[in-house]
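J.: The structure that follows is given in the form of structure tokens.
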Amino acid sequence: MKVRWRVCFLLFLTWLFSYVDRSLMPIALPFIGQEFHLSPTVMGVVISAFFVGYGSMQIPGGLLADKIGPRKCIALGVFFWAVFSFVTGTVGSLAELIGVRVLFGLGEGIHPPAAFKSISAWFGSAERARANALVMSSNTLGPMFAPALFAVVIAAYGWRTAFYLDCIPGLLVAAAVFWYLRDTPNEHPRITAAELAEIGAPDHAKQKIPFSELFKYSALWNLFFIYMTWDLTWWGFQAWLPSYLLNVRGFTLVRTGLATALPFAAGFVGLFVAAHISDRIGRRKPVLIAALAGNALFMLLTATATNATLAVIFMTATGFFLPAIQGPFWSLPMDLLPSRVMGYSSGFINTGGQIAGVCAPIVIGALIQITGHYEAGFLFMSASAAVSVLLVAILREPRLPSARAASLSA
């Protein structure tokens with residue numbers, strides 16, 4: 001295996017275990033809510049507390065990655081979430097829980113901008129959608145396996161034990177990152193001249209864009225709002241799906257864990273299909289529109305499902321389209337901007353997603369509490385995806401060589 005794909009797999013592991021933790025909170029939340037006597041709105045605040053810290057670190061984390069390099073930032077980010085996962089299991093009150101979740105987000109928040117910067121440095125434009133897809137497939141695998149796994153642990157030993165166990169793989173992955181990853185391909189001791197030629201020349205010759213100048217780029221603001229409106233559906237779906245199955249469809253805890261895995265299993269497939277098509281045709285925009293439109297449609301059908309079987313079918317179809325934007329979307333800033341500014345530009349874009357992460361659980365929780373129906377939450381998410389479609393439609397994308405054309409020219 002080429003060194004760059006080993007690096008990609010390592011980055012995949014960093015995202016995978018962080019998403020395992022984020023998937024643990026929604027499955028544990030009904031039991032935390034029972035212990036601390038929380039309303040749906042306050043349960044939404046607990047989910048959102050993480051994103052207050054996480055979102056506030058996206059731009060500072062990006063600046064830090066551009067200054068000290070992605071290797072140190074990624075290792076520190078993974079280490080911090082492992083520690084705070086353990087601490088989450090020790091909380092004794094609602095105030096402590098919210099405080100720990102904010103600190104959890106602050107520590108983990110330096111990881112994503114550094115990871116995107118690393119992908120930008122290690123992969124040329126013809127491979128970036130597939131590299132992004134592999135790394136971001138963790139977003140589906142974590143939520144796919146974690147609910148079923150942690151449902152068994154919580155049923156047998158309680159929610160606190162689940163958080164204690166969750167910290168172990170994070171510590172191991174943090175050590176692996178610091179040992180193997182390098183900031184650029186040229187620095188890696190196992191890289192060959194042939195592989196460096198495949199990756200392509202670094203973009204040191206490109207003029208570095210001052211941080212203040214980035215805000216003048218309309219495309220960057222467009223990407224910010226696309227990701228924010230999409231992430232309203234992503235985090236809302238993850239945060240409230242287990243509670244919906246438990247409270248509305250009457251599933252048991254174990255059955256909820258298994259059913260929750262289905263959309264993310266479908267999403268694992270959808271993510272790679274979208275990335276392959278995007279690299280194959282050398283276009284991002286039409287793939288994004290198709291994925292977001294499918295997300296909006298099946299979220300709407302989930303809201304109006306008349307029985308549990310249809311609900312599971314529609315939410316699984318939603319899961320196929322929901323994460324499919326990741327490969328083509330995160331390739332756009334990499335195609336538009338030099339890798340040396342990918343830290344703070346991706347941090348800025350990801351801030352939009354984390355604003356959604358703060359808002360979505362609270363807004364959906366409030367809608368559930370006000371209306372008495374979970375359907376209102378699904379309608380809200382469907383509308384958010386529809387807005388994201390409109391924002392993509394007005395985006396101007398760069399014209400890239402397709403993977404097929406690149407292989408023929410080679």
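J.: What distance in nm lies between label points placed 7 Å from Cα along the C-beta direction at ALA393 and HIS373?
T.: Taking the simple label geometry, ALA393 and HIS373 are separated by 2.7 nm.
J.: Given +1 on the Cβ of Lys and Arg, -1 on the Cβ of Asp and Glu, and no further charges, what dipole in debye does the chain carry about its Cα centre, rounded to the nearest 20?
T.: 820 debye
J.: Based only on Cα atoms, what Rg/Rh ratio does the chain have, Rh being taken as Kirkwood's radius?
T.: With Rh from the inverse mean 1/r over Cα pairs, Rg/Rh is 0.96.
J.: Consider a paramagnetic label point 7 Å from the Cα of LEU94 along Cα→Cβ; state which residues of region 26-50 have an amide N under 16 Å from it.
T.: Answer for this model: 29-50.
J.: While we're here: Sort HIS276, HIS37, HIS373 so the one with the fewest other Cβ atoms within 10 Å of its own Cβ comes first.
T.: HIS37, HIS373, HIS276
J.: Using only alpha carbons, build the gyration tensor for region 1-158 and give me the equivalent ellipsoid semi-axes, biggest first, whole Å.
T.: Semi-axes from the Cα gyration tensor: 30, 18, 12 Å.
J.: What is the Cα convex hull volume of region 34-86 when expressed per residue in Å³?
T.: Residue-normalised Cα hull volume stands at 70 Å³.
J.: With the crude spin-label approximation of a point 7 Å out along Cα→Cβ, what separation in nm comes out for VAL273 versus PHE9?
T.: With each label point 7 Å from Cα toward Cβ, the separation is 2.7 nm.
J.: What FRET efficiency would be calculated for the residue pair LYS285, VAL254, taking the C-beta separation as r and a Förster radius of 41 Å, to the nearest 0.05?
T.: Efficiency, rounded to the nearest 0.05: 0.50.
J.: Between the helical axis of 138-157 and the dominant principal axis of the chain, each derived from Cα atoms, what acute angle in degrees is found, rounded to the nearest 10?
T.: Here the helix axis deviates by roughly 30 degrees.
J.: Can you tell me how region 273-372 classifies by the Cα gyration tensor, rounded, prolate or oblate, using a/c under 1.5 as the rounded cut?
T.: oblate
J.: Here's something else I'd like to know. Go ahead and set up a Gaussian network model of the chain, Cα springs under 10 Å, then flag whichever of ALA366, ALA239, ALA197 fluctuates most.
T.: Most flexible of the set in this elastic network: ALA197.
J.: Who wins for biggest fluctuation among ILE27, ILE349, ILE68 in a Gaussian network model of the chain, springs between alpha carbons below 10 Å?
T.: ILE68
J.: Mind telling me which of SER18, SER93, SER331 comes out most flexible in a GNM of the chain, alpha-carbon contacts under 10 Å?
T.: Result: SER93 has the largest fluctuation of those listed.
J.: When ranked by the protection proxy of mean other Cβ atoms within 10 Å per residue, highest first, what sequence do the peptides 317-330, 176-189, 262-275 form?
T.: The peptides rank, most packed first, as 317-330, 262-275, 176-189.
J.: Still on this structure, please answer the following. Quick one: length gained pulling ILE168 to GLU187 fully straight, 0.36 nm per residue minus the C-alpha distance?
T.: Difference between extended and current length: 3.9 nm.
Values quoted throughout were computed directly from the atomic coordinates according to the rules given, and no laboratory measurement underlies them. What you see is a predicted model; the values in this text were computed from it and never measured. Note that we place each Cβ from the backbone using ideal geometry, even for glycine, and neighbour counts take in every protein chain shown.
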